[in-house]
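Enquirer: Sharing a structure with you now.
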Amino acid sequence: MTPTLVLVLVLAGSVGRIECGLLDMFNANSDYNLAQSMDTVFGALQNDISYMLTGDLTSTVEEVVTFWCSNGSFTSLKQVNLNDSTLSQKIDTSKEVIFVIHGWLDDISRMWFQQLAQDALKFTGSNVCAVNWGHLARYSYYRTAVNHTVMVSGYLTRFVQYLESAGVPLKNITMVGHSMGAQISGQVGHNFGGKIGRIYGLDPAGPCFTLPRDRGLQYRLDRSDAMFVQTVITSRLTIGVGVGDGHENFYPNGGVSPQTNCVIPLTSDAEFAGQILCSHMHSATLFRLSLNPANVYRGKKCINWPAYLLSFCGLNKANLLGMRSDKSGGDYFLRTSAFSPYTVRF
């Protein structure tokens, strides 16, 4: 028995009393059990206590979802409200607006998120808006995935409608979402009938969206949600989806955990979970670094990872991960190194 399998069995046993072990992940009747597994391994349930006591959220969505934007003339992000009288000072409506959306248990104070927002400002010349839904992201995985993402996407839809009324065409709206943030992006795109410009889904969350069953296109990111959709998959069938459903789908190192830079000796459940989380976050790291023209992550169009490894796709088309893609579509595989900036080699 391999060490990884032993760890999965140990981890499953530790939560088996409530039938939510990792081995139950693909049970067609166990979406809630899968969510409980995510809580046990990665999260906490403290906010659910308040929910159970009150029977509802204690704050309105307007209070717990906020938008922080810059038009590029200043590096600090400033809060923008619906019907903001100072909108012209914070957003240049003649330029693209890039929304950056975090996932479960995160908020905009995280270093990775701040770096992504600042690099987007630096290298794109666009407006950048950070969507902070951190309060709603700190509930149990199931409640967050099933209930709160829809609340966030609904309010973000209203905000985009406000920007559209202020002169920003939908084709100039770009969404960059990590994990549940990618699924929120898809929900917003669905609300607009796929008319927004671009969505970049960074390892879209799988559990309760596509695993163990597909909840439906209105709840998850797919290619119909924008004029162009690209996904970057780095933790397939664990935290992330099994396959990308964009016009383009990039699979660094086959799209699986552990990513090359996340390989660590596995001696405990915590290290196993950490390895998966590291791989899940690597999608955001690669996307952020790709904003800098000096960093090139070139994938080869290929049918799957084994075919790529066997060099069956060596003569196939190459394309770039991130915003500098030629948007020609397809599935692309690539290798990355273990050290920053994780230079890709064929």
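The values are calculated or read from the model by the stated rules, or taken from the named source; none is laboratory data. Predicted model, so just to flag it, every value in this text is computed and none were measured. Neighbour counts run over all protein chains shown; Cβ positions are idealised from the backbone, glycine included.
Enquirer: Give L163, L202 a once-over and let me know the one that is crowded, with 20+ Cβ neighbours inside 10 Å, in contact with a Phe, Trp or Tyr (Cβ under 6 Å, 6 or more places away or on another chain) and at pLDDT 95 or above.
Expert: L202
Enquirer: Moving on to the next point. From the set of residues in segment 261-287 that are β-branched (V, I, T) and modelled with pLDDT under 95, which is farthest from G103 (Cα to Cα)?
Expert: My answer is T267.
Enquirer: Filtering segment 134-148 down to residues that are of a type in the set (A, V, I, L, M, F, W, C) and out of contact with any strand residue (DSSP E or B) (no Cβ under 8 Å at 6 or more places or on another chain), which residue is nearest to C208 (Cα to Cα)?
Expert: V146
Enquirer: Going residue by residue through segment 324-346, is there one that turns out to be surrounded by 20 or more Cβ atoms within 10 Å (Cβ to Cβ) and in a loop (DSSP other than H, G, I, E, B)?
Expert: So far as segment 324-346 goes, yes, one or more of its residues are surrounded by 20 or more Cβ atoms within 10 Å (Cβ to Cβ) and in a loop (DSSP other than H, G, I, E, B).
Enquirer: Under 6 Å between Cβ atoms, which residue pairs at least 6 apart in sequence (or on different chains) link something in segment 227-244 that is surrounded by 24 or more Cβ atoms within 10 Å (Cβ to Cβ) with a partner that is in a loop (DSSP other than H, G, I, E, B) and among the β-branched types (V, I, T)?
Expert: G240/I233; V241/T210; G244/I233
Enquirer: For V128, all conditions in the list (1) buried (at least 19 other Cβ atoms within 10 Å of the Cβ); (2) under 30 Å from P212 (Cα atoms) hold save one; what is the number of the exception?
Expert: Condition (2) is where V128 drops out.
Enquirer: Tell me the residue from S126, S94, S140, S88 that is in contact with a helix residue (DSSP H, G or I) (Cβ under 8 Å, 6 or more places away or on another chain), at pLDDT 95 or above, of a type in the set (S, T, Y) and more than 17 Å from E63 (Cα to Cα), please.
Expert: S126
Enquirer: Within segment 91-98, can one find any residue that is of a type in the set (S, T, N, Q), touching a Gly at 6+ places or on another chain (Cβ under 8 Å) and in a strand (DSSP E or B)?
Expert: Within segment 91-98, none of the residues are of a type in the set (S, T, N, Q), touching a Gly at 6+ places or on another chain (Cβ under 8 Å) and in a strand (DSSP E or B).
Enquirer: Could you tell me whether V188 is of a type in the set (V, I, T), buried (at least 24 other Cβ atoms within 10 Å of the Cβ) and without any contact (Cβ under 8 Å) to a residue 60 or more places away in the chain?
Expert: So V188 passes the test.
Enquirer: Continuing with the same structure: With the requirement that a residue be without any contact (Cβ under 8 Å) to a residue 12 or more places away in the chain and either β-branched (V, I, T) or in a loop (DSSP other than H, G, I, E, B) (or both), what does segment 99-121 give you?
Expert: Result: R110, single match.
Enquirer: Still on this structure, I have one more. It is to be established whether one or more residues within segment 172-183 are touching a residue at least 60 places away in the same chain (Cβ under 8 Å), at positive phi, part of a loop (DSSP other than H, G, I, E, B) and hydroxyl-bearing (S, T, Y).
Expert: Yes, segment 172-183 has at least one match.
Enquirer: Can you name every residue in segment 268-317 that is under 26 Å from Q118 (Cβ atoms) and either in a loop (DSSP other than H, G, I, E, B) or aliphatic (A, V, I, L, M) (or both)?
Expert: L277, M281, A284, L286, L289, L291, N292, P293, A294, N295, V296, Y297
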